[in-house]
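*Asks:* One structure coming up, written as structure tokens, with questions to follow.
Computed from the coordinates by the stated procedures, all read-outs in this text should not be read as laboratory data. Remember, it's a predicted structure, so these values are computed and weren't measured experimentally. All Cβ positions, glycine included, derive from the backbone under ideal geometry; neighbour counts span all protein chains shown.
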Amino acid sequence: MVRFLGGRPILWIGVLVAVLLGNGCGGDDQSAPGIVVGSVPDGSSEVQPASSNASQQFQLAFQTLAIGFDTPWDLALSPSGELWVTERRGIVSRVDTSSGQITPLGSIPDVLERSESGLMGMAFHPDFPAAPLVYFVHSYDRGGEIIRNRLVRMRYDGNSLHSLEVLLDDIPGNLNHNGSRLVVGPDRMLYFSTGDAQAPNLAVELLSLGGKILRVDLDGKVPTTNPFGTEVFSFGHRNPQGLVFHPQTGELFSTEHGPSDNDEVNRIVRGRNHGWPEVHGFCQDEDVPGLAEAQYCRENNVVEPLIAWTPTIAPSGCDFYFGTAIPIWNGSLLMTTLRQSALYRLTLNSDATFIASQEVLFEGQFGRLRDVLVGPRGEVYLATSNRDGRGTVAGADRIIRIQGAP
């Protein structure tokens with residue numbers, strides 16, 4: 001049945017779940033993605049998580065909160081509770097979560113939007129609005145058609161953004177594989193992901209900033225506690241597009257695009273190699289012809305992912321859900337997918353070291369999904385990405401709100 005809230009239609013549904021091992025998938029490949037999960041905590045065996053349909057037992061409501069975007073990339077809540085959105089073309093806006101009104105706040109200078117490059121991640125200074133600083137990562141043209149990425153900071157005066165400062169630039173970029181999600185850690189440091197810029201070996205070159213998780217302080221300087229004396233925090237990444245800290249353990253998690261196999265969720269470990277390009281997914285698979293993955297892992301102390309999918313699903317933004325508004329989701333890692341056009345719910349064990357089950361929600365219902373954000377009252381926001389050049393759903397992109405039914 002259809003009900004209305006604030007003048008916008010809300011659909012109340014018992015969520016239909018596409019169980020990974022039982023149903024075909026959307027996106028570019030119609031075969032069901034195989035899933036591989038790492039060894040149990042004692043390392044004794046490889047297991048698969050249970051496919052869950054738990055949300056079928058709980059009514060969810062979804063509504064279009066705001067529409068009219070062109071490839072929104074990052075959703076972020078300011079410490080003062082405002083919902084902000086970046087668009088890949090360089091626009092930053094604020095969305096009123098009561099009315100859905102979109103208020104443009106400005107554009108980031110010199111953003112280059114071409115294929116996957118453009119304005120990407122966003123994060124607030126931890127003391128915002130007392131320290132009215134907002135951070136962004138974007139692509140730019142260095143000259144001679146050379147694409148690079150940079151970390152910038154702007155000031156917010158309550159109405160608009162201004163006074164741009166470049167904190168770190170000349171980060172490898174390309175038409176594709178740029179990353180880049182940006183978060184502030186519990187240590188008040190900035191963490192952001194970079195892609196390998198379509199040059200896979202950059203991921204393991206410690207002097208390169210490509211294919212890494214980078215860590216800098218709030219002024220863009222290298223912390224003395226970084227493992228290599230540079231901005232590099234971890235390496236061996238292909239194209240990580242999601243980044244989130246676990247609110248209880250303080251550990252950092254990422255989602256990462258594989259090539260034509262082994263999309264991943266990773267628990268990031270300081271100073272460690274996460275495998276790419278020599279390892280696709282897990283060390284024991286040996287599923288890539290010509291790569292001695294197990295041997296490489298032993299010799300290079302590789303950190304394995306928590307889970308991997310083949311065929312690929314194109315995981316993007318992620319966030320942890322801790323709340324009672326949708327109680328069945330409490331403690332879950334939520335993750336959007338572009339290729340599969342679905343919201344994934346991953347259930348972790350008590351110390352967040354192992355994925356126990358997964359659930360696929362809203363598959364194909366909204367088109368490509370770029371980001372997910374958990375709101376302060378337990379509501380969940382999704383950003384579509386149907387105008388990114390690969391979508392099949394017509395019309396402007398939108399922000400969708402999901403809530404538990406009263």
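*Asks:* Using Cβ contacts closer than 10 Å as the measure, can you line up K221, K212 from fewest to most?
*Replies:* With the fewest neighbours first, K221, K212 line up as K221, K212.
*Asks:* Could you work out the Rg to Rh ratio of region 243-290, with Rh taken as the Kirkwood radius (inverse of the mean 1/r over all Cα pairs)?
*Replies:* 1.03
*Asks:* Could you give the nm distance between label points at T249 and Q284, where each point is 7 Å from its Cα heading toward the beta carbon?
*Replies:* 1.9 nm
*Asks:* Sticking with the crude label model, points 7 Å out along Cα→Cβ, report the distance from N159 to V269 in nm, one decimal please.
*Replies:* About 5.2 nm separates the two model spin labels.
*Asks:* Comparing T336, T97, T384, which has the greatest mean-square fluctuation in the GNM of the chain with Cα pairs linked when under 10 Å apart?
*Replies:* T97
*Asks:* Taking the mean number of other Cβ atoms within 10 Å as a proxy for protection, how do you rank 141-147, 329-335, 121-127 from highest to lowest?
*Replies:* Top of the packing list down: 329-335, 121-127, 141-147.
*Asks:* From the Cα trace of the chain, what convex hull volume per residue do you get, rounded to a whole Å³?
*Replies:* 137 Å³
*Asks:* Based on the alpha carbons, how large is the Rg to Rh ratio for region 70-238 when Rh follows Kirkwood?
*Replies:* The Rg/Rh ratio comes out at 0.96.
*Asks:* Express in whole angstrom the spacing between the alpha-carbon centres of region 252-295 and region 60-93.
*Replies:* What the calculation gives is 31 Å, centre to centre.
*Asks:* I want to verify a result. In a Gaussian network model of the chain, Cα cutoff 10 Å, which of these has the top mean-square fluctuation: F233, F362, F245?
*Replies:* Residue with maximal mean-square fluctuation among F233, F362, F245: F362.
*Asks:* Let me ask another. In nm, what is the difference between 0.36 nm times the number of residues separating A396 and L291 and their Cα-Cα distance?
*Replies:* Length gained, A396 through L291: 33.5 nm.
*Asks:* Of S99, V85, H237, which is farthest on the positive side of the dipole of region 70-238, counting Cα position, with +1 on Lys and Arg Cβ, -1 on Asp and Glu Cβ, and the Cα centre as origin?
*Replies:* Farthest along the dipole direction, towards plus: H237.
*Asks:* Answer rounded, prolate or oblate for region 255-406, using the Cα gyration tensor with square roots of eigenvalues a ≥ b ≥ c: rounded when a/c is under 1.5, else prolate when a/b is larger than b/c, else oblate.
*Replies:* oblate
*Asks:* Kindly rank 58-66, 310-318, 391-399 from highest to lowest mean number of other beta carbons found within 10 Å of each residue.
*Replies:* Listed from highest to lowest mean packing, they are 310-318, 58-66, 391-399.
*Asks:* Quick one: dipole size for region 51-198, taken about the Cα centre, charges +1 on Lys/Arg Cβ and -1 on Asp/Glu Cβ, in debye to the nearest 20.
*Replies:* The calculation lands at about 120 debye.
*Asks:* Turning to a different aspect of this structure: Quick check: residue separation of R142 and T324 times 0.36 nm, minus the Cα distance between them. What number comes out in nm?
*Replies:* Gain on stretching R142 to T324: 60.8 nm.
*Asks:* What is the distance, in nm, between label points placed 7 Å from the Cα along the Cα-to-Cβ direction at R114 and at L207?
*Replies:* Computed distance between label sites R114 and L207 equals 2.7 nm.
*Asks:* Additional query: Farthest toward the dipole's positive end in the chain, which of S254, L291, W276, given Cβ charges of +1 (Lys, Arg) and -1 (Asp, Glu) about the Cα centre?
*Replies:* S254
*Asks:* Using a/c under 1.5 as the rounded threshold, could you call region 174-328 rounded, prolate or oblate? The axes a ≥ b ≥ c are square roots of the C-alpha gyration tensor eigenvalues, and prolate needs a/b larger than b/c, oblate otherwise.
*Replies:* Note, shape of region 174-328 comes out oblate.
*Asks:* So what are the ³J(HN,Hα) numbers for region 93-102, from phi and the Karplus equation (6.51, -1.76, 1.60; θ = phi - 60°), rounded to whole Hz, Gly and Pro as x?
*Replies:* Coupling constants for region 93-102: 9, 10, 10, 6, 6, 8, 9, x, 5, 9 Hz.
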